[in-house]
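Worksheet for the structure shown next.
Please treat every number below as a calculation from the coordinates, not as lab data. Predicted model only: the values in this text are computed from it and were never measured. FYI the Cβ positions are ideal-geometry reconstructions off the backbone, even for glycines, and counts take in every protein chain you see.
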Amino acid sequence: MKLISVNVGLPQEVTWKGKTVSTGIFKEPVSERVRVRSLNLDGDRQADLTVHGGLDKAVYVYPFEHYDYWRSELPDTELTLGIFGENFTVTGLREEELNIGDRFKIGSVELMVTQPRLPCYKLAICFGRSDMVKRFLASRRTGFYFRVLQEGEVGAGDTLELVSRDTNNITVADITQLYVREPNNPELLHRVTQLKALPESWRDYFQDLLRRQDVR
């Protein structure tokens, strides 16, 4: 498990469908070590804090292994590291193998897996494709977010050390599967609503699904 690229970027204004939009999705790799703080990385900011950023979305991570899939899906697109808006491009961490609540150490930083990414229209802006959000979610290659438990510094080439494995055994992929394809899985829904490492907004969403199923 290795951190192969650290990517940061500040919000910029772009034109999308005739409107001016501010977005922080454009990230570029940096060669120096970077300070990771509780809300973001030094040199990195989110444009719309109502849906991006926050303690549970401090660091967005994308598996490098997915790049091969997207190269075949988007052969005319140059896929530079950070193009998915990720802060960390990593190898050896896949959504189906990561539990919500797993804890890792990278450099001097300690982090916890919190949730998959649900893409917004700004991913479409980045790729210049209106269908990109739908394709990204359907692929279930979502990447995931880290919460920062201990601030510190990281750099490309750092290894990732698994500090602890969450014993609830609910993976990042399970959350995406529930959201996209299996909303009528009451057993998994119930387990997810009890998962303290999952952000409250997700637990509330799945609790509402359970209530609606009980009504039916």
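Just a few scattered comments:
- Relative contact order of the range 20-87, pairs being alpha-carbon contacts under 8 Å that are 6 or more residues apart, as %: 42 percent
- Only Lys, Arg, Asp and Glu carry charge here, each on its Cβ (+1 for the first two, -1 for the last two); on that basis the range 1-80 has a dipole of about 300 debye about its Cα centre.
- In nm, spacing of pseudo-spin labels at residue 203 and residue 139 (7 Å Cα→C-beta vector): 3.2 nm
- Those GluC sites (Glu not before Pro) in the range 46-153 that DSSP places in a loop and that have at most 16 other beta carbons within 10 Å: 65, 78, 151
- Share of Cα-Cα pairs in the range 1-146 lying beyond 26 Å, as whole percent: 19 percent
- For the chain, averaging the sequence separation of C-alpha pairs within contact (under 8 Å, six or more residues apart) and dividing by the residue count gives a relative contact order of 25 percent.
- Residue 78 versus residue 191: modelled label distance in nm, points set 7 Å from Cα along the beta carbon direction: 4.5 nm
- Cβ-Cβ FRET estimate between residue 159 and residue 15, R0 fixed at 35 Å, reported to 0.05: 0.30
- Label zone of residue 55 (point 7 Å out along Cα→Cβ, amide N under 19 Å): in the range 103-127 this covers 103-104, 109-116.
- Whole-number percent relative contact order across the range 117-206, with pairs defined as alpha carbons under 8 Å at least 6 apart: 19 percent
- When all alpha carbon pairs of the range 95-200 are counted in 10 Å bins from zero, the resulting P(r) reads 14, 38, 32, 15, 0 %.
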